[in-house]
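Asker: For reference, the structure I am asking about is given below.
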Amino acid sequence: MRRSVLLAYATVAACAMFVSSTAHAISICLDPGHGGSDPGAVGCGLKEAEVVLKSSKMLKTMLESAGHTVYMTRTSNVDVGLGARASYANGKGVATFASIHNNSFSNPTATGIETFCYINNLSKKSGTQAKNIQNNMIATWPLTNRGAKEANYAVVRETNMPATLSELAFISNCSKDAKYLANDAELKRAMVAHCKAIVAQWGGNAAKCSEGGGGGGGGETTSKGTIMAGTFNTTIANDKWLGGVKYTVGGQTQTSAGSYSMMSFSLAPGKYSATASKDGFNTATKECQAVTAGQVAWCSIALTPKPAEIKPGTAVGHVDNAATGAHIANAKVDIKNGATATYNGKDKWSFSVNPGTYQIIATADGYDDNEKSCTVVSQKESDCTITLTPKKGTITGAVTDGAQNVAAKVSLNDSNVDYDASTPFTFTVDAGTYTINAIAEGYKPGSASCTVNPGQTATCNITVEREQVAVERGTLMGLVKDANSGENVKSDVTTNDQTVHFTGTEYYRFYLEPGEYTVTATATGYEKGETKCTVKSGESVHCDISITPLGGAFAGTLLDAVTKQPIDSAKKPIIKIGESTVEVDDKGAWKSTQAAGEYDVSASAEGYRTTAVSCTVEPGNQESPCEILLVPNDTATGALVGYVYDSRSETMRIPATVSIDGYSPAKYPGKGTWRMTNLPAGFYNVRATADGYYEATRECQVMPSDDDKEYSPCNIGLVAKSTGGAVVEAEYDTPTTKVQVYSDSCSATPATNNAHSWMAWALGIVALVGLGIRRRLS
């Protein structure tokens with residue numbers, strides 16, 4: 001094998017005209033490769049031009065001793081062109097030509113011997129000479145036999161006589177081949193092999209081959225030996241040689257070049273101590289093998305890196321309420337298995353630590369503990385703010401008329417419980433202030449405002465006032481609607497000093513004496529709405545109220561869908577809402593003030609796939625979250641597909657909204673399947689919500705797909721909420737008979753004792769039975 005760069009050059013020839021006085025005397029041309037400005041291959045502290053010149057001089061002396069006359073194309077370190085080498089041999093009219101080279105390759109383990117002749121000449125005299133040399137060399141040096149071969153080298157192509165080119169060994173293999181090339185005694189053995197191969201084919205005294213040769217200097221006696229050495233990093237696999245190392249032995253100093261480069265020192269026989277040093281490494285000294293005249297001693301040195309100076313960084317942050325974002329005073333912050341600090345709710349807490357990744361743990365009364373991973377960089381502050389989720393609180397109490405407890409239905413927002421006048425009612429809620437309502441038969445509706453703190457229980461009793469019915473009442477009922485969208489709005493409705501909660505699904509109701517009433521509706525995020533309605537005895541009056549939403553805003557963070565880190569500003573992130581563009585800061589945060597409603601938000605960045613999500617601005621001058629995840633272009637993605645079903649029936653499909661934080665939700669119509677595509681492979685918490693059902697979350701795995709056409713299944717079951725009772729009304733010409741159903745029981749009471757009322761009561765029973773059948777079928 002030969003490096004391509006070496007193939008571009010012909011070998012420098014040492015040509016010897018061999019003229020013998022015997023009958024077998026011939027003229028021979030020897031060609032030592034390269035020379036002058038061309039050192040040939042360089043490796044392991046050796047230069048090819050120097051090694052082959054020394055070898056060719058040895059061979060010249062041997063061939064002359066065997067009875068031949070020799071010419072050399074160069075006898076010193078000079079430049080000789082390719083054409084000049086062949087022309088020189090042709091002009092001398094020599095009988096044969098032998099070029100001497102060393103091999104080299106980028107892989108430092110390449111090894112072996114090979115000999116070449118010109119193309120289609122392996123069966124001719126050139127091939128015979130190549131085979132003889134190859135066989136003798138393999139018998140001399142225990143290296144890989146790479147064979148006698150044909151090649152289009154200039155010196156074997158342009159010469160007129162049989163010609164060969166020898167690749168003695170790989171100068172780039174420091175552990176094996178180069179040891180032979182660096183040893184004068186081994187070089188002499190190799191040239192004896194060449195001499196005997198030529199004499200065997202062309203004649204001469206083979207016995208004289210072993211007598212000549214000397215040390216390659218024209219008969220000079222070698223009085224010195226050689227130390228060869230390299231330096232390497234002990235922490236690098238495969239002992240990679242180090243460059244830039246100052247190496248001193250026997251009063252001589254060299255600097256290593258690295259890349260498996262060796263250093264060579266010519267020294268008088270004896271014992272030596274070598275020293276190697278380099279910035280960033282510990283200086284090392286080694287006692288070398290004894291140097292023998294004409295021999296090579298190896299003395300490589302391993303250097304160990306000096307430990308790097310460790311400079312600490314700082315972990316800082318706040319402890320915030322996950323629900324409100326407010327700082328939490330007196331929270332305890334710990335580095336796991338390390339330091340502890342108490343957070344004052346104002347200044348940042350901080351820890352000075354060595355660079356690395358740490359687990360930060362925060363605890364506070366009334367909050368769930370939380371743990372966060374935080375990476376600290378040397379000499380920098382790392383923001384490790386951690387959030388805590390408030391614990392649920394409990395509201396409990398009784399309904400009383402001031403003298404005794406009263407059985408009633410107690411409601412808080414959309415939750416209802418039956419209070420039996422003995423066991424306190426209870427609600428488990430998030431920390432905050434709530435209005436609790438109570439309805440009891442024969443009493444006016446009552447309410448109470450109640451504040452509960454995280455993890456604590458608040459007792460809130462409700463007082464109701466007994467009704468004094470003078471005349472038959474009428475029913476004031478209706479809906480509260482968003483003035484812009486027309487959708488129902490959960491709200492508190494008040495008239496005549498009575499307040500009821502409108503759930504957004506069933507009519508609000510007041511049972512009032514005849515007259516005109518001003519009815520007001522209030523809801524978070526809306527302006528107060530007001531209307532006037534007239535109640536007639538024994539009749540139901542519809543009285544809808546429109547309320548106008550207050551303006552709001554939404555804000556979020558643009559995150560990498562894989563790392564969950566903010567998108568770097570260098571990626572030029574863009575948020576678009578309609579035709580408007582929203583600025584994204586260098587931490588990926590953005591904010592936009594909009595009227596209340598649902599918006600399509602598009603996000604893009606260089607190197608990421610464009611993503612569109614649907615976000616809702618809640619009314620009421622509040623910020624609604626709108627987190628967006630962008631998927632890197634080179635990320636394997638897949639898709640989820642599934643349906644939403646009633647957990648009790650297991651077969652009934654439910655219209656629902658399916659969502660994953662940071663991605664646009666999917667609307668499931670209650671048939672077929674929903675799909676979410678362009679999701680990075682991994683696990684996701686998939687959330688489903690539907691009217692009349694409890695929200696459910698399921699963990700689903702997205703498998704990678706080349707084109708998002710292969711979907712990962714993700715079906716979600718929802719549990720129906722308890723209706724808490726239903727009111728069925730039937731009307732004839734006279735006052736209404738009401739049939740009221742609570743859970744699985746019902747009662748029907750006629751309003752008056754007359755035929756019309758009894759007929760209406762019967763109609764109520766029919767309606768109740770129908771409701772029971774419908775519930776059974778569902």
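Computed from the coordinates by the stated procedures, all read-outs in this text should not be read as laboratory data. No experiment lies behind these values; they were computed from the predicted model shown. Note: ideal-geometry Cβ built from the backbone for every residue, glycine included; neighbour counts use all protein chains shown.
Asker: Which order do Ser614, Ser300, Ser273 fall in if you start with the one that has the fewest other Cβ atoms within 10 Å?
Answerer: Details: Ser614 16, Ser300 19, Ser273 12.
The order, fewest Cβ neighbours first, is Ser273, Ser614, Ser300.
Asker: Loop only by DSSP, 15 or fewer other Cβ within 10 Å of the Cβ. Give me the trypsin sites (Lys or Arg not before Pro) in segment 435-516 that pass, ordered by residue number.
Answerer: Lys490
Asker: Continuing with this model, one more query. What residues qualify as long-range amide H neighbours of Leu122, i.e. H under 5 Å apart, gap of 5 or more or another chain, H built at 1.01 Å from N?
Answerer: none
Asker: Next question. In degrees, nearest 10, range 0 to 90: what is the angle between the Cα axis of helix 755-777 and the longest Cα principal axis of the chain?
Answerer: With rounding to tens, the tilt is 20 degrees.
Asker: Right, another one. Would you please give the FRET efficiency between Ala185 and Asn120, computed as 1/(1 + (r/R0)^6) with r the Cβ-Cβ distance and R0 = 30 Å, to the nearest 0.05?
Answerer: 0.20
Asker: Further question: What fraction, in whole percent, of alpha-carbon pairs in segment 637-718 exceed 17 Å separation?
Answerer: I get 40 percent for the Cα pairs in segment 637-718 exceeding 17 Å.
Asker: Less than 17 Å apart at the alpha-carbon level, and either on another chain or at least 8 residues along: which aspartates and glutamates does that give for Lys490?
Answerer: Within the straight-line cut-off, Lys490 pairs with Asp414, Asp482, Glu506, Glu527, Glu530, Asp544, Glu618, Asp691.
Asker: Once amide H atoms are placed 1.01 Å from N in the peptide plane, what residues at a sequence separation of 5 or more from Val541, or on another chain, have their amide H within under 5 Å of its amide H?
Answerer: When sequence neighbours closer than 5 places are left aside, the close amide H contacts are Thr475, Leu476, Met477.
Asker: What Kirkwood hydrodynamic radius, in Å, does the chain give when the mean of 1/r is taken over all pairs of distinct Cα atoms and then inverted? Don't skip to the end; give the middle numbers.
Answerer: Values: mean 1/r = 0.0276 Å⁻¹.
It works out to 36.3 Å.
Asker: Gln359 to Ser647: extension gain in nm, 0.36 nm per residue of separation minus the Cα-Cα distance?
Answerer: So the chain would gain 99.8 nm between Gln359 and Ser647.
Asker: Here is a follow-up. What's the FRET efficiency of Glu467 with Val377 using the Cβ-Cβ distance as r and R₀ = 60 Å, to the nearest 0.05?
Answerer: Working: r = 71 Å, r/R0 = 1.18.
So, using R0 = 60 Å, E works out to roughly 0.25.
Asker: Report the extension gain between Asn344 and Leu550 in nm, rounded to one decimal, defined as 0.36 nm multiplied by the number of residues separating them, less their alpha carbon distance.
Answerer: 70.6 nm
Asker: Counting alpha carbon pairs within less than 8 Å and at least 6 residues apart, what relative contact order, in whole percent, applies to segment 436-528? Mind dumping the intermediate values first?
Answerer: Numbers: 152 pairs, mean separation 22.4, N = 93.
The normalised contact order for segment 436-528 reaches 24 percent.
Asker: Using all C-alpha to C-alpha distances in segment 319-428, build P(r) with 5 Å bins and read off the rounded percent in each one.
Answerer: The percentages, shortest bin first, are 2, 10, 17, 15, 10, 8, 7, 7, 8, 6, 5, 3, 2, 1, 0.
Asker: Determine, for Arg74, Arg609, Arg648, the number of other Cβ atoms within 10 Å of each Cβ, and report the residues in order from fewest to most. Kindly include the intermediate steps, with their values, before the conclusion.
Answerer: On the way: Arg74 25, Arg609 15, Arg648 11.
Fewest-to-most ranking of Arg74, Arg609, Arg648: Arg648, Arg609, Arg74.
Asker: On average over all directions, what projected area in square nanometres does segment 469-519 have, based on the convex hull of its Cα atoms?
Answerer: 3.9
Asker: Another one. Where the eigenvalues come from the Cα gyration tensor of segment 225-303, what are the semi-axes √(5λ) of the equivalent ellipsoid, largest first, in whole Å?
Answerer: After diagonalising the Cα gyration tensor, the semi-axes are 21, 12, 11 Å.
Asker: Would you mind checking the pairs Lys346/Lys571; Lys149/Lys176; Lys54/Lys149; Lys278/Lys311; Lys332/Lys572 and listing those with alpha carbons more than 29 angstrom apart? Working shown, then result.
Answerer: Working: Lys346/Lys571 34 Å; Lys149/Lys176 23 Å; Lys54/Lys149 25 Å; Lys278/Lys311 23 Å; Lys332/Lys572 39 Å.
Exceeds cut-off: Lys346/Lys571; Lys332/Lys572.
Asker: Sticking with this one: Show that you can apply the helix-only estimate: for the chain, add -39,500 (n - 2.57) for every DSSP H stretch of four or more residues, divide by all residues, and state [θ] at 222 nm to the nearest 500. Provide the component values of the computation, followed by the final result.
Answerer: Numbers: 8 runs with 100 residues, N = 778.
Computed mean residue ellipticity for the chain: -4000 deg cm²/dmol.
Asker: Now for a separate question. Counting only C-alpha contacts under 8 Å and six or more residues apart, can you give the relative contact order of segment 393-463 as a whole percent?
Answerer: Working: 170 pairs, mean separation 28.6, N = 71.
About 40 percent, as a whole number.
Asker: Where does each of His68, His327, His542 land when they are ranked from fewest to most other beta-carbon atoms within 10 angstrom?
Answerer: His542, His327, His68
Asker: Which ³J(HN,Hα) values, rounded to whole Hz and listed in residue order, are derived for segment 342-349 from phi using the Karplus coefficients 6.51, -1.76 and 1.60 in 6.51 cos²θ - 1.76 cosθ + 1.60 with θ = phi - 60°, glycine and proline given as x?
Answerer: Taking θ as phi minus 60°, the curve returns 10, 8, 8, x, 10, 6, 6, 7 Hz for segment 342-349.
Asker: Oh, and also: Efficiency by 1/(1 + (r/R0)^6): what FRET value for Thr304 and Val78, r their Cβ-Cβ distance, R0 = 56 Å, to the nearest 0.05?
Answerer: So the FRET efficiency works out to roughly 0.80.
Asker: Beyond a 18 Å Cα-Cα separation, which of these cross-linked pairs lie in this structure: Lys125/Lys208; Lys60/Lys125; Lys336/Lys391; Lys60/Lys208; Lys591/Lys667? Each step should come with its number before you reach the end.
Answerer: Details: Lys125/Lys208 23 Å; Lys60/Lys125 21 Å; Lys336/Lys391 23 Å; Lys60/Lys208 12 Å; Lys591/Lys667 26 Å.
Among Lys125/Lys208; Lys60/Lys125; Lys336/Lys391; Lys60/Lys208; Lys591/Lys667, the Cα-Cα distance tops 18 Å for Lys125/Lys208; Lys60/Lys125; Lys336/Lys391; Lys591/Lys667.
Asker: If you wrap a convex hull around the Cα atoms of segment 393-463, how much volume per residue is inside, in Å³? Present the calculation step by step, with values, prior to reporting the outcome.
Answerer: Details: hull volume 5.2 nm³, N = 71.
Looking at segment 393-463, the number lands at 74 Å³ per residue.
Asker: Mind listing the long-range amide H neighbours of Val399? Cut-off is under 5 Å, sequence gap 5 or more, other chains count too, H placed in the peptide plane at 1.01 Å from N.
Answerer: Here Val406, Ile462 satisfy the definition.
Asker: Residue-wise, which Karplus ³J(HN,Hα) couplings in Hz belong to segment 398-408, taking 6.51 cos²θ - 1.76 cosθ + 1.60, θ = phi - 60°, and x for glycine or proline?
Answerer: 9, 10, 9, 9, x, 10, 8, 6, 10, 5, 7
Asker: Run the numbers on the chain and let me know its relative contact order in percent, using alpha-carbon pairs under 8 Å that are six or more apart.
Answerer: 6
Asker: Okay, moving on. ³J(HN,Hα) across segment 373-378 via Karplus (A = 6.51, B = -1.76, C = 1.60, θ = phi - 60°), whole Hz, x for Gly/Pro?
Answerer: For segment 373-378, the Karplus-derived couplings read 8, 9, 9, 9, 9, 4 Hz, x marking Gly and Pro.
Asker: Between the helical axis of 184-202 and the dominant principal axis of the chain, each derived from Cα atoms, what acute angle in degrees is found, rounded to the nearest 10?
Answerer: Rounded to the nearest ten degrees, it is 60.
Asker: Measuring from the lowest to the highest alpha carbon on each principal axis, how far does segment 237-390 reach, largest first, in angstroms?
Answerer: Here the Cα extents, ordered largest to smallest, are 87, 24, 23 Å.
Asker: Next question, about the same structure. Angle between the Cα long axis of helix 125-140 and the longest principal axis of the chain, 0 to 90 degrees, nearest 10?
Answerer: Its long axis makes an angle of about 80 degrees.
Asker: Right, something else. Take Ala681, project a point 7 Å from its Cα along the Cβ direction, then tell me which residues of segment 560-581 have their backbone nitrogen under 18 Å from it.
Answerer: Hits in segment 560-581 for Ala681 at 18 Å: 561-564.
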